[in-house]
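To keep things clear, I will list the structure first and then write my remarks on it.
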Amino acid sequence: MTYFGISEADWAALQLTLRLALISTALLLVLCLPLAWWLAHTQRRIKVVVEALVALPLVLPPTVIGFYLLILLGPRGAVGGTLERLGASHLAFTFTGLVIGSMIYSLPFVVQPLQNAFQAMGRRPLEVAATLRAGPLDRLVSVVLPLSRQGLLTAAVLSFAHTLGEFGVLLMIGGGIPGQTQVASIAIYSHVEAFDHASAHRLSLFLLLTAFALLVCVYALNKRFRVAGIMP
Amino acid sequence: MSHPFRRLLAGMAAFALSLALTAAQASEAPMRIAAASDLRFALEEILEIFAVDHPEHPVEVVYGSSGRFRSQIENGAPFDLYFSADIAYPRALEEAGQAASEVIPYAEGRIVLWSDGMDASELTLESLSDERFRRIAIANPRHAPYGARAREALIASGLWEALEPRLVFGENIAHTMQLVQSGAAEVGIIALALARNPAVLERGGYHLIDDALHVPLEQGFIITRHGGDHPTAKLFAEAMQSPEARDIMRAYGFVLPGE
């Protein structure tokens, strides 16, 4: 089964990349909502430390993150070692390991737009909703999420696109197992190293067009409402 | 401004100035070598001797994947010497008119079984079938010369098919070693020259893989077109053939041409 001259192994890599981007984006959105909310409203001094931690993946080279993750998730690390003692397997060279790596790598791209959106919204709409007897869940679903949809969309798109192009972290902890940890960017790297420029071209072009189509969709949506952060 | 603070500032300025001056000195066109990662330890020792004999000829080395260096040199990267782990790459560069010298064979590489958690000298290729080895690291056989030889040895031993689901792939031999060193892969096939490093040997032995199981890993180097008129390049090419350099290469387990 080959379309556009892309081999079956490369389709598997693309599929894996897509799955990785979808899963890590979904998990990040869920986990970062409360974190961003807390950051937007807390007055505590520890806030600056948490903000610095969240922004850390922006400035660290992906290979540094990958190197520490390999140690942490491997059988001798805190996470991998604990799993081993519990009778489970460590997380290096696994899809779960890649998801954890992607989530750390894309964390600031989700937290920061959400935090900005929550800050811009302020507490006022919630107080009004509360006086109208809206419960906590109702306030979240009917007030917070609709009012911060620009931030949500930005966070989702940035995290998804960022994971599509991720390379260094996945190279360090992945092990390049076809169908399990070999994502598209690593397959392209491997084609280039093996002087298979034709395959590298096809796969790269496909990724390029996908990313372009994704951004066109975002700009089209943007005509209806402005997406904070990445658009003017 | 208080007095000690001003003194500190002056000290910092002097320090910055001396740094800048050393940088300017070093930028007097040092010779640049692109070297395969398996040479990491051996070449460092040879360079130490070279630096003593020729202090006026500074040398810089970048270690990495032989295949990547080939593309980079083809595309005009400013390397003066290119030490490849696979002699086919410098030959290809020579054919493309990118070499200022003949292709000079300098060594033959060997592969070994190595582990960071246990003494691999008691292992054989056959013991890899043991279930306790959940992950086995080799370099990517598609483009890493050592990975290609590892694959050949596993195929020749009739083990490839059984082991394939447990293999993980490093991008080059140094990354492969890193995968084993982290313990994430229990065992791996790496270059003898890397396993021979004293600091690594301390952490357990290695098992030399029979070289009848794979095509010889012939390694070669060239002076690139870029290094054609660099005096240090020729000097270093000669130093590489000196008895001292050959002794070091031999100590790291390389088989030398003509031996």
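The values are calculated or read from the model by the stated rules, or taken from the named source; none is laboratory data. All values reported here derive from a predicted model rather than from experimental measurement. With ideal geometry, Cβ positions are generated from the backbone for all residues, glycine too; neighbour counts draw on all protein chains shown. Keep in mind that these areas ignore ligands, DNA and RNA; they rest on the heavy atoms of the full protein, side chains included. Shrake-Rupley method; radii C 1.70, N 1.55, O 1.52, S 1.80 Å.
Convex hull of alpha carbon positions in region A:1-154: directionally averaged projected area 13.3 nm². Pairs of alpha carbons in the protein assembly as shown separated by more than 37 Å make up 43% of all such pairs. Over all orientations, region B:101-179 has a Cα convex hull whose mean projected area works out to 6.3 square nanometres. For the protein assembly as shown, the dipole from Cβ point charges (+1 on Lys and Arg, -1 on Asp and Glu) about the Cα centre works out to 3480 debye, to the nearest 20. So, counting K/R as plus one and D/E as minus one, what does the shell of residues with Cβ under 12 Å around B:V103 add up to? Once all neighbours under 12 Å are counted, the net charge is -4.
In the context of the full set of protein chains, the protein assembly as shown has a per residue accessible area of 48 Å² (1.4 Å probe). The per residue volume of the convex hull around the alpha-carbon atoms of region B:40-98 is 92 Å³. Counting only heavy atoms of the protein chains and using a 1.4 Å probe, A:W37 has close to 70 Å² of accessible surface. Each Lys or Arg adds one and each Asp or Glu takes one away; over the other residues whose Cβ falls under 12 Å from the Cβ of B:D38, this sums to +2. Charge dipole of chain A (Cα centre as origin; +1 on each Lys and Arg Cβ, -1 on each Asp and Glu Cβ, all else neutral): 1080 debye, rounded to the nearest 20. Across the options A:S148, B:A35, A:F160, the greatest Cα extent toward the positive end of the charge dipole of the protein assembly as shown (unit charges at beta carbon of Lys, Arg, Asp, Glu) belongs to A:S148. For the chain pair A and B, buried accessible area totals roughly 2100 Å², probe 1.4 Å, rounded to the nearest 100. Could you give log10 I(q)/I(0) at q = 0.09, 0.15, 0.18 Å⁻¹ for region B:108-259, computed by the Debye formula over C-alpha point scatterers of equal weight, without solvent? Here the Debye-derived log intensity ratios amount to -0.32, -0.78, -1.04.
Solvent exposure of A:T181, expressed as accessible area, is near 0 Å², computed with a probe of 1.4 Å over the protein chains only. The mean count of C-beta atoms from other chains within 10 Å of the C-beta of residues in A:210-220, rounded to a whole number, is 0.
Positive-end ranking of B:V180, A:L171, B:V61 along the dipole of the protein assembly as shown, with charges on Cβ about the Cα centre, is headed by A:L171. Can you check what the net charge comes to around A:R139, using other residues whose Cβ is under 14 Å from the Cβ of A:R139 (Lys, Arg +1; Asp, Glu -1)? Residues near A:R139 contribute +1 overall. With unit charges on the beta carbons (Lys and Arg positive, Asp and Glu negative) and the dipole taken about the Cα centre of region A:15-94, which residue among A:V64, A:L28, A:I46 sits farthest to the positive side? Going by the Cα projections, it comes out as A:I46. Only helices enter the 222 nm calculation for the protein assembly as shown: every DSSP H run of n ≥ 4 contributes -39,500 (n - 2.57), and dividing by all residues gives -17500 deg cm²/dmol, rounded to 500. Its Cα gyration tensor gives region A:13-70 an equivalent ellipsoid. The semi-axes, each the square root of 5 times an eigenvalue, are 27, 18, 7 Å from largest down.
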